[in-house]
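Handing you a structure now.
The values are calculated or read from the model by the stated rules, or taken from the named source; none is laboratory data. Model, not experiment: these values are computed from the prediction. Here the Cβ is made from the backbone with ideal geometry for all residues, glycine too, and neighbour counts use every protein chain on show.
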Amino acid sequence: MSTQATAAEWIEAIAGKASLPMPVVQEVLDRHAVEPQSTLPRRKSLRIRSVTLKGIKEGTVADGPFGQTFTFGPGLWAIVSDQNFRGKSTLLGVIQGGIRGDIHERVKPDVWRWLSKAEVVFEANGIGHRLLVTKEAGDPDKGAAGSFSREQEGGWFTLYEGTVGKPLERAVEDAMLAEFGFARFHAHNEKDGSHTHGWPVIASALFVDGPGKAVFGELLVDAIPLRLLQMFMGLPWVSTYTAAATALKRLRATKAERPTASRGLGDRLRTRLEAVDASLSSARGRVRPGPDRAVLRATMLEQDRRLLALREGIEETRQEAVRVDRQLQGATTLLLETRRALQQLRDERAAGVVLRTLRPVCCPSCDAGIDHNRHSRADEGSTCALCGTRQAPDEDEDALRLEELQRDVDDVEVNVAELSAQATKAQASQRGAEAELSKAIEASRATEAALRAEGSADLEMEIRGLEAQREQLLALIAAEEEEEEKEEAATGAHDEAVLQAAEEVTKDLYDGLAREILADVSREITTLSRSFGVQNIESMDWGTGGAMRIVQGKAPTSFGRLSPGENLRVRIAAALAVIEVARQRMYGRHPGLLVLDSPGAQEMAPADFAALLSRVHEAIQSAGDIQIIVGARADPTLLDVVPCDHVTHAHGERFLF
């Protein structure tokens, strides 16, 4: 089948290979998210525009505030210094952190402490993006403020604003994957199980900062170098093949794990159920005739409810008795006080009458005698016989007050009598409720004693325990049967056959082109490695399985066995080879950005370094729209190749910032 096969032809080929109807194949592929992706991608571009660093240095020979903006464009750019440790790697680390969203993880702790601002502006497919991190200078804490924005209508549209960390990194990742048309790719291995790789892994292939485990990128697991190569070269069908292969591995891993965990589980559960049924039958056979314990438990439950109601009733009658008693005491006190007032008024009135009926025979002041007729005349004239004061007629107000007080006494006596009757009734009700509660308590204790009859309780507990085991076993058996049905429905009898057929058909679609591209890349890596000074290299073959077979000095070897210097040279050769082959074939998704940190390290001879720079320069001249940034010690070989206005140079003992 041709590489340019349509989605319908692809499904038809899978159905034919699996000997299944096309609807069944389509259903399985949809369930495992395996989709056809057959088009050749257009070229992508990623360019660094500028890097701005601000802060205050401390603990150095050049302490004090600093602020520096570094600008970049297409072509070859160099960041150099006459001495080591002048900030080259820090600047390149900030660039890498800017396009990955993790600047705070890409600089050394002392430099991070100095910074108050780090800003990276870059273009993704011609659209400006800005990552900005701000903090207090001198603060070593990683909890800085971060924002990620996209250029829009002459301004910046914020995509994320918050603290630095995983949320910021995720925002950058989502934007870059969408902009470049990359997708997170799935992987499955025995150690980590199913997992995904995204933008951080993809972006790592744009940076070469020394020897590493992988030829391309940072990770060696899950054949990441090969998958990155396939992704950047834009091989049609490779994403589909990866999805099908991962789904097949996951399915087989699930099937392989299940027998160890649950093989024969259903049979073991059923055997256990038979044993429990036998024990339950035996226990029930040992039950002696007697009161029905279930009825006793129901009776005790009802008695408990009645005891609760009786206690609530007693509390209510007690409160009523207390209330009536308080009213009775108040009324009794009032009655006593009213009677006392009545008696006092009567006594005062009687005393006044006695005094007015007296007939003194002499003056109490001078003992002069008083004429008896004087009293008679005083009575007739309503005057006092002694002083002659005229007296007004008495309307007998005291009599009226006596009548009112007597009526009050009568009313209070009636109220006291009523309250006394109510108090007697309330006390009787309370005593009756308490007696009823005592009887209910005795009945409850009798029921409880019956339930605690020797032997019956233990036997009942045994029966109840066995019944509970039986119910649990039945539930587990039902769940196991349901799980088996779900697994059969989820994985189906056809899933493995369809996925295996999809893997094989898809691999056939792109395998020929993949081999051609890998052969081109392998030849380019071999040529570049030789020119960079890797000695005695006869051939390098990057196979479709992901391993790079190397013949050096007529002896087979591998990338992992190369010396650190050879390792670095081959990694740089691989990065340049991918860009060159993509340029030759005029398609691919490599964004055209490459950052090299100290490529002349690891004892690279001047001639080899010159060859490396020459090939870098050729790549720039051939492609024209790519950007390569090199950080290195100042060297005439490098400065001769890079345009003067593309060089950032820390002369002498100076620092870059």
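Pull out all pairs, ordered by first then second residue, where Cβ-Cβ is under 8 Å, the residues are six or more apart or on different chains, the first lies in region 616-645 and is under 24 Å from residue 93 (Cα atoms), and the second is of a type in the set (Asp, Glu) and buried (at least 19 other Cβ atoms within 10 Å of the Cβ).
619/580; 631/597
Next question. What are the residues in region 573-594 that are over 20 Å from residue 613 (Cα atoms) and crowded, with 23+ Cβ neighbours inside 10 Å, if any?
Within region 573-594, 588, 590, 591 meet the criteria.
Ok, one more. Working carefully through the options 99, 56, 48, 79, find the one that is touching a Lys or Arg at 6+ places or on another chain (Cβ under 6 Å) and either within 19 Å of residue 596 (Cβ to Cβ) or in the same structural domain as residue 629 (by TED's automatic domain parsing) (or both).
Result of the check over 99, 56, 48, 79: 79.
Would you say residue 550 is under 29 Å from residue 242 (Cα atoms), at pLDDT 85 or above and not aromatic (Phe, Trp, Tyr)?
So residue 550 passes the test.
Per-residue answers, yes or no, for (1) in the same structural domain as residue 18 (by TED's automatic domain parsing); (2) surrounded by 16 or more Cβ atoms within 10 Å (Cβ to Cβ); (3) more than 30 Å from residue 22 (Cα to Cα):
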| site | (1), (2), (3) |
| --- | --- |
| 504 | no, yes, no |
| 527 | no, yes, yes |
| 530 | no, yes, yes |
| 550 | no, yes, yes |
| 556 | no, no, yes |
| 561 | no, no, yes |
| 565 | no, yes, yes |
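Right, another one. If you check residue 544 against the conditions, is it among the β-branched types (Val, Ile, Thr) and part of a loop (DSSP other than H, G, I, E, B)?
yes
Yes/no matrix, rows are residues, columns are (1) at negative phi; (2) in a loop (DSSP other than H, G, I, E, B):
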| residue | (1), (2) |
| --- | --- |
| 214 | yes, yes |
| 217 | no, yes |
| 225 | yes, no |
| 230 | yes, no |
| 240 | yes, no |
| 247 | yes, no |
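Look through 143, 162 and report the one residue that is in the same structural domain as residue 66 (by TED's automatic domain parsing), surrounded by fewer than 20 Cβ atoms within 10 Å (Cβ to Cβ) and not in a strand (DSSP E or B).
Within the list 143, 162, the selection yields 143.
A further question follows. Tell me which residues, restricted to region 83-96, are surrounded by 14 or more Cβ atoms within 10 Å (Cβ to Cβ) and in contact with a Lys or Arg (Cβ under 8 Å, 6 or more places away or on another chain). Outline the logic, then answer.
At the first step, the residues of region 83-96 found to be surrounded by 14 or more Cβ atoms within 10 Å (Cβ to Cβ) are 86-96.
Passing the criteria: 86, 90, 93, 94, 96.
Hey, another quick one. Only strands (runs of 3 or more DSSP E) wholly contained in region 22-115 count here; list those with 3 or more residues that are β-branched (Val, Ile, Thr) and touching a helix residue (DSSP H, G or I) at 6+ places or on another chain (Cβ under 9 Å).
46-57
Condition first: touching a strand residue (DSSP E or B) at 6+ places or on another chain (Cβ under 6 Å) and of a type in the set (Phe, Trp, Tyr). Now tell me which residues in region 194-242 satisfy that.
Across region 194-242, the qualifying residue is only 207.
Also: Can you run down the residue pairs with Cβ atoms below 8 Å, 6 or more apart or on separate chains, where the first is in region 511-532 and closer than 13 Å to residue 226 by Cα and the partner is of a type in the set (Phe, Trp, Tyr) and at pLDDT 80 or above?
518/542; 521/542; 522/542
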